[in-house]
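What follows is a single structure, written as structure tokens, with notes after it.
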Amino acid sequence: MQSTGAVAGLVDRRPSVTPERLVAQLVPPPTFADVSFDTYRPDPSEPSQAAAVGHCRSFCELAMQRRAGKKKLFGKREVLPGVGVYLDGGFGVGKTHLLASTYYTMSQGDAPVAFATFGELTQLAGVFGFTECIDLLADYAVVCIDEFELDDPGNTTLISRLLSALVERGVSIAATSNTLPEQLGEGRFAAQDFLREINTLSAIFTTIRIEGPDYRHRGLPPAPEPLTDDEVRTAASAKSGATLDDFDALCAHLATMHPSRYHALIDDVTEVFITGVHPIDDQSVALRLVALTDRLYDAGIPILASGTKLDTIFSDEMVAGGFRKKYLRATSRMLALTAAAQSSTS
């Protein structure tokens, strides 16, 4: 399988990810490399946003206290259970900004801090093994989990046991999601059969609701008219470090690797060009595209495409289903990345 035209494509890449890289990439994505609580700009009309900053600062203070433990006789310290904060809200209200700010604040302490998407955390457990993953993360003061979503019963049981064990060993947990903890898994599998695990997860966290419109859409026009295939190919050939792929070929290539490798797949890519985009009716294909979009957005890599409008890729039937929030988030991010691509070529 080869890319479209003379420009190299993502389909030409077959990255491997070592356990060492999985640990090394437990940091916020490049898009959030320079954020802090001070750089978060709450919407004055949404008081919950300013309140969320205060809650996150308080969480950091409490997590540091918990990690320090309690003094006992003879200079020993008793390990105290960790605490949890769960940032719930719609798309583009700054949840990941606050989570990354939590990471950087906690990084000023003596213990290491981890930042991972939910998918990366489950992959970490798969690579190292459950017990070994607990031993690895037990030395961390805080584990920050972005995009907390339960897609299947196996993940529900795994993450419930993993986070419970970490909290018992003094690790605090900060997470973001578009779904309240007690509603995780709804519409995706028989969540009622896993109420114990879901309730265990819910009990770990103090939920902070953040209201507000998607900042990515503030001042942006609707989805633009797609370019032609030739226009996309011409633009790609003029961009150093760009990739150019046919949509169907790219979707097929994504199926050949675990989504945890999508980080490595886009290493050193400056812009992604795609021809022949069309609506998707296969949920597995759609979810892999969502995962790639998340990684492109994290890395700030623009997208320029031909074919159908990007806000029509996911069918109404799929958007109405259990993965609705994933598809809406991905659409929001694709439009933002397309706007970035158009501004760079205008």
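Just a few scattered comments:
- Computed from label points 7 Å out along Cα-Cβ, the spacing between THR131 and THR228 is 6.4 nm.
- Full extension of the segment from THR308 to ARG41, taken as 0.36 nm per residue of separation minus the current Cα-Cα distance, would add 92.7 nm.
- Rh by Kirkwood over Cα pairs, then Stokes-Einstein D for segment 304-346 at 0.890 mPa s and 25 °C, µm²/s: 220
- Once both labels are positioned 7 Å from their Cα atoms along Cα-to-Cβ, the gap between GLU211 and ARG161 label points is 4.1 nm.
- Net charge dipole size for segment 219-344 [Lys, Arg +1 and Asp, Glu -1 on Cβ; Debye, nearest 20]: 500
- Between LEU80 and GLN283, the simple spin-label model (points 7 angstrom out along Cα→Cβ) gives 4.3 nm.
- Area of SER332 that stays accessible when all protein chains are in place (1.4 Å probe, Å², to 10): 0
- Which of ASP268, ASP110 is most accessible, then next, and so on - probe 1.4 Å: ASP110, ASP268
- Rg/Rg_ref, segment 250-323, where Rg_ref = 2.2 N^0.38 Å and atoms are Cα: 1.10
- Principal semi-axes of the equivalent ellipsoid, √(5λ) from the alpha carbon gyration tensor of segment 219-344, are 21, 17, 14 Å from largest down.
- Accessible area (Å², 1.4 Å probe, nearest 10) - ARG66: 70
- The mean sequence separation of alpha-carbon pairs under 8 Å and at least six residues apart, normalised by the residue count of segment 219-344, gives a relative contact order of 30 percent.
- Peptide packing: for 159-166, 128-135, the average count of neighbouring Cβ atoms within 10 Å per residue gives the ranking 159-166, 128-135, highest mean first.
- For peptides 80-92, 314-326, sequence by mean Cβ density within 10 Å, most packed first: 80-92, 314-326
The values are calculated or read from the model by the stated rules, or taken from the named source; none is laboratory data. Remember, predicted model here, so these are calculated numbers, not experimental data. Every residue, glycine as well, gets a Cβ built from its backbone with ideal geometry; the counts of neighbours run over all protein chains shown. We work out accessible area using only protein heavy atoms, side chains counted, and drop any ligands, DNA or RNA first. Shrake-Rupley method; radii C 1.70, N 1.55, O 1.52, S 1.80 Å.
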